[in-house]
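Enquirer: Please read through the structure below; I'll follow up with questions.
The values are calculated or read from the model by the stated rules, or taken from the named source; none is laboratory data. Just so we're clear, the structure is a prediction, and the values are computed from it rather than from any experiment. So basically every Cβ, Gly included, is an ideal-geometry build from the backbone, and we count neighbours across all protein chains shown. Each accessible area value is taken on the protein alone, full model and side chains, heavy atoms only, with ligands, DNA and RNA left out. Shrake-Rupley method; radii C 1.70, N 1.55, O 1.52, S 1.80 Å.
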Amino acid sequence: MTAGPTGGGSGARDGRPDPAAERPRGLRRRSARRAATEPAGPGSGDTLAFVESPVQLLNVLEWLYAHIGRGAGGPAEVTVVVLSNNDPMTRGQLRRMAELAREEGVGVRWEDARGGASAPLRTVGSLSGALRRARRVVIGDPFSRYVQLLLTLTRAPEIVVVDDGTATMEFVAQLARGERLVRWHRSGRGGIGGARDAVYAPVSAAARRRLTPGAGRSVEVFSSMPVEAPDGMTLRANDFAWTRRRFGPPALTRGADLVGTNLAETGVVDTEHYIRAVTALAREHGATRYFAHRRESTEKLHRLAEEAGLEIVRPELPLELIARRGPIGRSVVSFPSTVLHTLPLALAGTEVQVSACDIDPAWLTEGASPRAEGFLAVVTGTARDVHRLRSAPSTGR
């Protein structure tokens, strides 16, 4: 398995972003002498952003780029707090994204938020003062218990939710219906309930109130997904303008690339069905590379390499940036995933064709949420409608 593509367009050099690449107007680059591990803040600016994934950090940069001149201030006014978990792939991508953020002049503070039993209490305590002072709080995952707890400590008059992919669709829908915030794949048998959920329920309810627009409090959702904002909430479109300006255009290969998903790891899709489907898609489309989701298991990826004959690529950055840097296939095929909505935006102006492959209901596990089939169908259906994607047939039965 390879760590990631190393060639590409004008924004890549030896697999790393070119420090000399053109920077977008509005995002001022901070001195390159600043160490990649140097903490900043929090509290150095008016805006405090909490991210737990590389994509969330990417979308904070997109939000800042889109809001320069709309009262968001500049990079120096934003401090990103990375609430890192212990997954090696996630940590690696987060560190690379933190480097990019610092190059754009954004302060970054790294928190090993799950590094032991005392880490959550220590992290929350260290952030409480900054949370009280912040005028604006930006979050990437409203379903995160960590983030929900932090929301109960702030009285910031502005809350911004930056895109976390398909989860954003569910968040907006649940908030509009007045439901408790529960991830869609946990909504089935064994998904919710129990002592831990009961104990945490008051915190979740308080966070939901903080995420609801009200007197003296505005809530904005910054998203590339097809969502309709509830009354009183501001919705702004994320068109990946920063990504397109910062990287590319990419070099294109003649073959097709497949995009992986962690639906098997989350218990939604049966692993055997998934492997057979990927193998059939690779054969049908002539694909040679498989871009792995950062949470896909090593065992499953080894099987895909052997049985489907695919080169497994573990990207070092979010796929939107990897694809924009290139090289990328002229055809990209993905199962229901956020990238069906984001890649067409990041690759706008190129000749890359993104295709969607539905999940056959027969692939779902017995423990999958009853909502899984409908939710996944909505992800692919809306992507086809909005971006006019081609359909890749469901195979692998």
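Enquirer: Full-extension gain between Ala117 and Thr212, please, as 0.36 nm times their residue separation minus the C-alpha to C-alpha distance.
Expert: Numbers: separation 95, 0.36 × 95 = 34.20 nm, distance 3.13 nm.
This chain segment gains 31.1 nm when fully extended.
Enquirer: Calculate the FRET efficiency for Arg295 and Thr234 from the Cβ-Cβ distance with a Förster distance of 35 Å, rounded to the nearest 0.05.
Expert: Working: r = 31 Å, r/R0 = 0.89.
For R0 = 35 Å, the calculated efficiency reads 0.65.
Enquirer: Hey, if we sort Glu77, Glu103 by accessible area with the 1.4 Å probe, largest down, what's the order? Kindly include the intermediate steps, with their values, before the conclusion.
Expert: On the way: Glu77 70, Glu103 40 Å².
Result of the area sort, largest leading: Glu77, Glu103.
Enquirer: Below 14 angstrom from the Cβ of Lys300, what's the summed charge of the other residues (Lys, Arg +1; Asp, Glu -1)? Intermediate results must be reported in sequence, preceding the final value.
Expert: Details: positive: Arg276, Arg294, Arg295, Arg303, Arg314; negative: Glu265, Asp270, Glu272, Glu296, Glu299, Glu306, Glu307.
Spelling it out: positives minus negatives among the neighbours equals -2.
Enquirer: Using 0.36 nm per residue of separation minus the Cα-Cα distance, give me the extension gain between Arg145 and Ser128 in nm, one decimal. Intermediate results must be reported in sequence, preceding the final value.
Expert: Details: separation 17, 0.36 × 17 = 6.12 nm, distance 1.60 nm.
So the extension gain works out to 4.5 nm.
Enquirer: Mind giving me the nanometre distance, one decimal, between the label points for Glu179 and Glu351, set 7 Å out from Cα along Cα→Cβ?
Expert: For Glu179 paired with Glu351, the spin-label model returns 4.4 nm.
Enquirer: Let me ask you something else. If I compute solvent accessible area with a 1.4 Å probe over the protein chains, what percent of it on the stretch 298-397 is carbon and sulfur? The partial results should precede the final answer.
Expert: Values: 1860 of 3930 Å².
Solvent-exposed carbon and sulfur of the stretch 298-397 make up 47 percent of the total.
Enquirer: So what is the accessible area of the stretch 203-254 per residue, in Å², with the probe set to 1.4 Å?
Expert: Details: 2410 Å² over 52 residues.
On a per-residue basis, the stretch 203-254 sits at 46 Å².
Enquirer: Here is a follow-up. Express in Å², to the nearest 10, the accessible area of Met233 obtained by rolling a 1.4 Å probe over the protein heavy atoms while all chains stay in place.
Expert: It works out to around 20 Å².
Enquirer: If you keep only loop residues by DSSP, which chymotrypsin sites (Phe, Trp or Tyr not before Pro) in the stretch 250-298 have at most 14 other Cβ atoms within 10 Å of their Cβ?
Expert: Working: sites: Tyr274, Tyr290, Phe291; in loops: none.
When the chymotrypsin sites (Phe, Trp or Tyr not before Pro) of the stretch 250-298 are filtered for loop state and at most 14 Cβ neighbours within 10 Å, nothing remains.
Enquirer: Going by Cα centres, the stretch 73-92 and the stretch 223-269 are how many Å apart?
Expert: The two parts, judged by their Cα centres, are 19 Å apart.
Enquirer: May I ask you to rank Met89, Met225 by accessible area, largest first, using a 1.4 Å probe over the protein chains only? Mind showing how you got there, number by number?
Expert: Numbers: Met89 50, Met225 15 Å².
From most accessible down to least: Met89, Met225.
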